[in-house]
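Everything on this sheet refers to the single structure shown next.
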Amino acid sequence: MKNLCTICVRSGSKGVRNKNIKLMHGKPLIVYTIEQAKSSKLFSQITVSSDSDEILKIAKKFDVDILIKRDPSLCEDHSGKVDAIRDALLRSEDNLAITFDNVIDLDVTSPLRNADDIVNSFKLFTKNNSDNLITGCMAKKNPYFNMVEIKKGQIQYCKNSTQKPLSRQESPVVYEMNASIYIWKREKLIKTNNLLGEKTSFFEMPEERSIDIDTELDWEIVSGLMKKKICL
C-alpha cells in the first residue's frame, strides 16, 4: 500500500507572522510535522507544497522527498486547502511516475499531534474502509447550550433540541474539527472537495493535542505545552 503524506504550507500569516517557519523551542514550526510524519513510518513519500522558497529550503534540509512550488492561485485567502492537497498529490505522482493509494495531509499548525495519532487514525480509516477521515476533539463550547447567533435582531441558540439542556453535560455531544490530520482514498480526493460524506470516519484526539495555531495566544499556549513535554 502506497501512502503519500502531504504538508501544504503557505507563506505569511495574518494571525501569527510567518508562523510556519517561526522558531518554537529552537526549531521551525514545520519541522515538528516533518518529524512526526517520518516517525509514523506510514509513508512511501513525503511532499511539502508551498509558495515560499524559504519553506521549501527548510523542508529540503530535513530530507523531505518531494518539494513542490505551489501556484499562487492556490495560495489566496479564499483558496481551498483540498485543492492544494489534490495538486500536491497529482504533481507528486507525475514526479515519481507512480499512483498512490491514500493521501494523509498533516497540518503544520497542529504540532502537538504525535506519530501515534497519525498511525491510529490511519488504522481506523483502514478498519472502516472509509472514503476519508477527519480528526477532532470534544467541543469546548456547545451550540445547544452556550453558543448563540443573532437572526433578524433576535438572539437564539445555534442549535435547538426538544428539551433545553440545563447544563453542557446534558447537551448533545458535539465535536470540533481540529485541522490536524486528513486522510483520503486517492480516488475520493480526486473527485470531491467535501470533507463529510457517508463513509467519513472521525478520529478523536485529546484537547491537549488538538490546538490549532491561529493566534498569538494559541502560539503561547502551544509553546508552553511543548516546553512542558520537552522537560518531562
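Within the range 156-164, does at least one residue satisfy the condition of being modelled with pLDDT of 85 or more, outside the structural domain of SER39 (by TED's automatic domain parsing) and not β-branched (Val, Ile, Thr)?
no
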Q: Find all pairs meeting these conditions: Cβ atoms under 6 angstrom apart; at least six residues apart or on different chains; first residue within the range 120-133 and among the acidic types (Asp, Glu); second residue in a helix (DSSP H, G or I) and surrounded by 15 or more Cβ atoms within 10 Å (Cβ to Cβ).
A: ASP131/LYS188
(Q) ILE58 - would you say it is in the same structural domain as ASP87 (by TED's automatic domain parsing) and touching a Phe, Trp or Tyr at 6+ places or on another chain (Cβ under 8 Å)? (A) no
Q: For the range 121-134, state whether one or more residues are closer than 22 Å to ILE30 by Cα, out of contact with any Phe, Trp or Tyr (no Cβ under 8 Å at 6 or more places or on another chain), among the hydrophobic types (A, V, I, L, M, F, W, C) and not in a loop (DSSP other than H, G, I, E, B).
A: yes
(Q) Among the residues in the range 91-99, are any of a type in the set (A, V, I, L, M), closer than 28 Å to VAL222 by Cβ and either in contact with a helix residue (DSSP H, G or I) (Cβ under 6 Å, 6 or more places away or on another chain) or without any contact (Cβ under 8 Å) to a residue 24 or more places away in the chain (or both)? (A) no
Q: Quick one: GLU220 ticks every box in (1) out of contact with any Ser or Thr (no Cβ under 9 Å at 6 or more places or on another chain); (2) modelled with pLDDT under 95; (3) among the acidic types (Asp, Glu); (4) not in a loop (DSSP other than H, G, I, E, B) except a single one, so which number is it?
A: (2)
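The values are calculated or read from the model by the stated rules, or taken from the named source; none is laboratory data. Here the structure is a predicted model, which means the values were calculated and not measured. Cβ sites come from the backbone with ideal geometry, for glycine too, and all protein chains shown count toward neighbours.
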